[in-house]
Each structure stands twice: as structure tokens, then as C-alpha cells.
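To start, the structure itself, in C-alpha cells.
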Amino acid sequence: MSVNSSVLEAFDESKLNSFHWKTILTAGMGFFTDAYDLFIIGTVTAILTPMWHLTTTQLSILNSTSLAAAALGALFFGKLMDLLGRKAMYGIEVAMLAVGAILSACAPSFIWLVIFRFIVGLGVGGDYPTSSVIMTEYANRKNRGFLVTMVFAMQGLGLLAGPLVASLLLSLGIPHAIAWRLMLGLGAIPAASVIYLRRKMPETPRYLLAVKQDASQAANVASHLTGQRVAGGSWNGTVAKQSMWSRKHVIRLIGTAGSWFLIDVAFYGNSVSSQLILKALLPHAALVTTTLVATAIFLVAAVPGYFVAAGLMDKIGRKTIQSVGFVVMACAYAAIFFVPTIAKLPIVFLIVYAISYFFIEFGPNTTTFLVPSEVFPTNLRGTAHGMSAAGGKIGAFLGAFVLPGILKASGLNVTMGMLAGVALLGAVLTLVAVPEMKQRSLEDNEEIQHSATSTSPRHSVS
């Protein structure tokens with residue numbers, strides 16, 4: 001396969017254009033839907049618990065089903081997008097989200113709701129590798145971190161939309177038997193809105209070159225999307241197909257999947273904190289009141305983190321932002337561990353909580369989505385991102401279902417001390433096993449096999 005350097009250079013050196021912004025919207029709407037669904041199911045289960053007489057075990061099954069399905073969806077879609085192509089898979093995951101949301105809204109019983117939530121979970125998991133990889137491969141070198149982070153930042157908007165929709169439906173006095181179905185069903189709208197756009201998205205030139213070996217089509221796509229005529233020059237070489245299980249890639253996978261696992265475990269510390277804040281500030285408040293207060297806290301403490309991260313990702317670098325985020329989280333949790341009275345002082349506790357929440361978003365919650373799409377070669381990019389995202393979902397499962405038992409048995413201080421250790425381990429793992437890709441071309445990860453007559457420089461994979 002002849003490797004067309006003009007195509008890759010056209011993408012790496014292009015300026016931000018309308019296609020980039022359109023792709024942010026097309027890819028980001030999936031994360032808006034994911035986040036909306038993530039919040040809304042908590043309100044739905046609060047309504048259904050007395051209505052359907054749900055037990056603690058049933059609630060655990062309902063939540064764990066989505067997490068398990070998301071892990072499977074990430075693995076499944078990630079692998080298939082490497083085998084069949086980005087275009088072949090893109091749009092299927094949001095179609096599953098839309099169908100799953102509508103079916104969930106019509107669920108006649110607990111068991112059917114679990115089954116339909118499994119479909120939603122598959123779509124959520126599939127959206128992680130597909131959207132991240134596609135935005136990464138279409139991005140230019142200078143703004144890649146900004147573009148991919150902006151896709152993920154749509155999650156913050158979805159996490160705001162969820163409680164606002166729930167609060168509106170509850171405040172209008174709509175009967176709970178109808179309200180919970182509307183809450184779930186409305187999640188189909190943002191997902192369905194981008195199915196067509198995703199299915200019409202052209203195959204990425206990087207995949208066409210490195211995997212499909214179609215340099216002509218890659219040049220056509222590059223010319224169309226960048227608005228410039230792409231010349232036919234080429235390296236006199238081929239792209240080597242690399243193995244997922246080489247020492248270098250295994251170390252990187254430990255770094256990406258491991259840090260994603262650890263942030264999702266450690267994030268439970270903020271979940272605990274949120275409940276403590278609401279309990280201290282509003283001990284007898286109604287569901288709609290606590291929902292709005294939680295939304296306000298998220299808006300002030302967390303949402304800015306997404307967009308500050310996007311603005312600085314290509315200036316400071318992924319590795320620095322991720323490691324600093326983990327360290328600040330560790331310090332916040334350690335403060336509660338070493339000074340237990342903080343938990344009894346709502347204002348002080350809120351400040352500590354807000355700082356940790358900001359640095360979760362301006363930190364590993366954002367970077368763990370970006371990094372796996374950058375540090376692996378094209379033929380492994382979807383698979384590796386899917387495996388990394390699955391690691392995160394396993395961490396979320398442990399954070400949601402194992403740590404509550406530790407909290408009940410050992411108390412808040414011990415739990416926060418453990419989570420401080422988890423966050424610190426995340427910082428160490430980041431420094432040791434995560435390479436920095438700021439301002440670097442994705443082709444630095446490819447192995448270019450040159451002929452003896454070629455004078456082109458070999459792309460490093462260090």
C-alpha cells in the first residue's frame with residue numbers, strides 16, 4: 001500500500017472549519033444523550049421504587065445491567081470499527097439509544113425495563129469508541145485535543161438537561177405513572193436527531209489509507225473536507241499492521257484502561273459527597289428541590305471544567321491535565337479523611353467538593369476519553385479505545401456497588417481515605433504509562449515500512 005503523505009498533511013495542517021464543528025455536534029449529541037440518560041434513570045428509579053415496590057437487589061440489577069451492557073458495547077463496537085470501518089458502525093449506536101429509550105418508556109414491568117436498559121447500555125458503550133475515534137481521525141494536529149474534548153463536553157450539557165427535564169415534569173404536576181415514561185422516552189429525541197448525519201459521515205481518510213489501502217478515495221475525501229486540492233504524492237512505503245499485544249501497546253493499554261478504571265472508581269467519592277451536601281443543606285426537601293440544587297452545584301463546580309479543559313488541552317497537554325486532576329482529587333479526599341470535621345461544616349465541605357469536582361472534569365474524566373484515541377495506531381484505535389472504555393465501566397460498577405458496602409461498614413473517613421489512594425494511584429499510572437500526544441501527528445504511532453530507495457523519514461512509534 002502506498003502511503004499518501006499529502007492526505008495526512010492536509011488533515012494535520014488544516015484550519016478549523018465548518019466540518020469540524022458539524023462533527024462536534026454529530027458526535028457530541030450521543031454524549032448529550034448518554035449523560036441525560038445517566039441522570040434521568042436515578043429520578044426514574046426514585047419514582048418506581050414505591051410504585052413497583054422495587055427491592056434493593058432489583059435497583060442494583062437495574063443499574064448494573066446498563067453498566068455491564070456499556071462495557072460490552074464498547075468492546076463490540078470498538079473491535080468492529082477496526083474490522084469493518086468507522087463509517088460501517090457509526091450511527092448504529094445512537095439508533096440503539098433511541099430505540100432503547102422508546103422501549104424503556106413503554107416497559108410494562110421490571111424485567112422488561114431491565115431488558116430495554118440493556119439495549120440502551122449497549123448504545124452508550126458503543127458511542128465511546130466510535131465518536132472519539134472518528135473525531136480524532138478527522139481533527140487537525142494543532143486542535144485535536146480541543147475538538148475531541150468538545151465532543152465529550154456535550155456530556156456536561158446532557159447532565160444539565162436531565163434534571164431540568166425531570167424538574168419540569170415533576171413541577172407541572174404530571175402523575176408519576178406518566179412522568180417517568182416521559183423522562184425516559186424524551187431521551188430518544190437527541191439520539192434520533194443525529195442518526196442520519198452519522199450514517200452519512202464519510203469514512204476517515206486515515207482508515208482508508210492505513211487499513212483499506214485506498215489512497216485514491218482517501219485523497220477524494222481529504223479534498224472535499226479540507227476544501228483544498230490534495231496532491232498525489234506518497235511515501236515509498238507501507239503501513240505495518242501492528243499487534244495489540246506487543247509490549248508497547250500493552251503498557252499503553254494498562255495506562256489508558258487503568259486510569260479510566262481508577263477515575264470511575266474515585267468518582268464515587270463525589271457521588272457520596274453530593275448526597276452528604278444535599279442531606280446537610282436540605283434534610284427535608286422534596287425530590288424536585290434536591291434535583292434543582294444538585295443541578296446548580298454541578299453547573300457551578302463541574303461544567304466549567306469541561307470547557308477549560310477543552311481550551312487548554314492542546315496548550316498544557318493531556319498528561320499534565322490528567323495527573324494534576326488525579327492529585328487534586330486525592331488531596332480533596334485526603335482532607336476529609338484526615339480532618340473528619342469537614343464533613344460537618346456544610347460550607348467548607350461544599351468548597352472542597354467543588355474543587356474536586358472541577359478537577360475531575362478538568363482532569364481525568366475528560367482526558368481518559370481523549371487519550372486512547374490518540375496513542376494507538378489506526379488498525380488498533382477502535383479496539384483499544386473500546387477496551388479502555390470497558391475498563392472505565394468496570395470501575396463505575398465497583399464504585400457504585402462495592403463501595404457503598406465499605407461506606408456502611410467502615411464509615412465516611414475510611415472510604416474517603418481509600419479513594420484518595422485510588423486517585424493517587426491514577427496519577428502515578430498516568431505519569432508512568434500514558435504518552436503525551438500534544439501537537440503530535442497520529443502517524444507518529446504508525447510503523448512505516450520503507451523501501452531501500454525511499455528517502456522519507458521513518459515515523460516513530462516511541
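The values are calculated or read from the model by the stated rules, or taken from the named source; none is laboratory data. These numbers were taken from a predicted model, which means no experiment stands behind them. Methodologically, a virtual Cβ is constructed for each residue, glycine included, from the backbone with ideal geometry; neighbour enumeration extends over all protein chains shown. Note: accessible area is taken over every heavy atom of the protein model, side chains too, but ligands, DNA and RNA are not part of it. Shrake-Rupley method; radii C 1.70, N 1.55, O 1.52, S 1.80 Å.
For this structure, a couple of remarks:
- Residues in region 241-266 that are open to solvent by less than 20 Å² (accessible area, probe 1.4 Å) and of a type in the set (S, T, Y) were compared, and the one that is nearest to A400 (Cα to Cα) is S259.
- Flag if L72 is surrounded by fewer than 16 Cβ atoms within 10 Å (Cβ to Cβ), modelled with pLDDT of 90 or more and over 22 Å from P175 (Cα atoms): no
- Residue match in region 215-234 (condition: closer than 20 Å to G126 by Cβ and either aliphatic (A, V, I, L, M) or touching a residue at least 12 places away in the same chain (Cβ under 8 Å) (or both)): no
- Any hit, region 43-60, residues being within 19 Å of the chain's Cα centre (by Cα), assigned to a helix (DSSP H, G or I) and of a type outside the set (S, T, Y): no
- Residues within region 307-336 that are surrounded by 17 or more Cβ atoms within 10 Å (Cβ to Cβ) and closer than 14 Å to N270 by Cα, tallied: 10
- Of the residues making up region 203-218, those that are of a type outside the set (D, E, K, R) and either buried (at least 23 other Cβ atoms within 10 Å of the Cβ) or in a helix (DSSP H, G or I) (or both) are T204, P205, Y207, L208, L209, A210, A215, S216, Q217, A218.
- Among residues that are within 22 Å of A354 (Cα to Cα) and open to solvent by 30 Å² or more (accessible area, probe 1.4 Å), L276 is included.
- Against the test of being in contact (Cβ under 8 Å) with a residue 60 or more places away in the chain, assigned to a helix (DSSP H, G or I), closer than 19 Å to V422 by Cα and among the small types (G, A, S), the options A310, A294, A330, A335 yield a single qualifying residue, A330.
- Residue in region 397-409 that is modelled with pLDDT under 95, assigned to a loop (DSSP other than H, G, I, E, B), under 23 Å from A334 (Cα atoms) and open to solvent by 50 Å² or more (accessible area, probe 1.4 Å) present: yes
- First in region 67-89 and under 29 Å from A400 (Cα atoms), second anywhere and open to solvent by less than 40 Å² (accessible area, probe 1.4 Å) and hydroxyl-bearing (S, T, Y), Cβ under 6 Å, 6 or more apart: A74/Y128; F77/T130; G78/T383; K79/T383
- Options L80, L84: the member that is under 30 Å from V221 (Cα atoms), surrounded by fewer than 24 Cβ atoms within 10 Å (Cβ to Cβ) and either among the small types (G, A, S) or more than 20 Å from the chain's Cα centre (by Cα) (or both): L84
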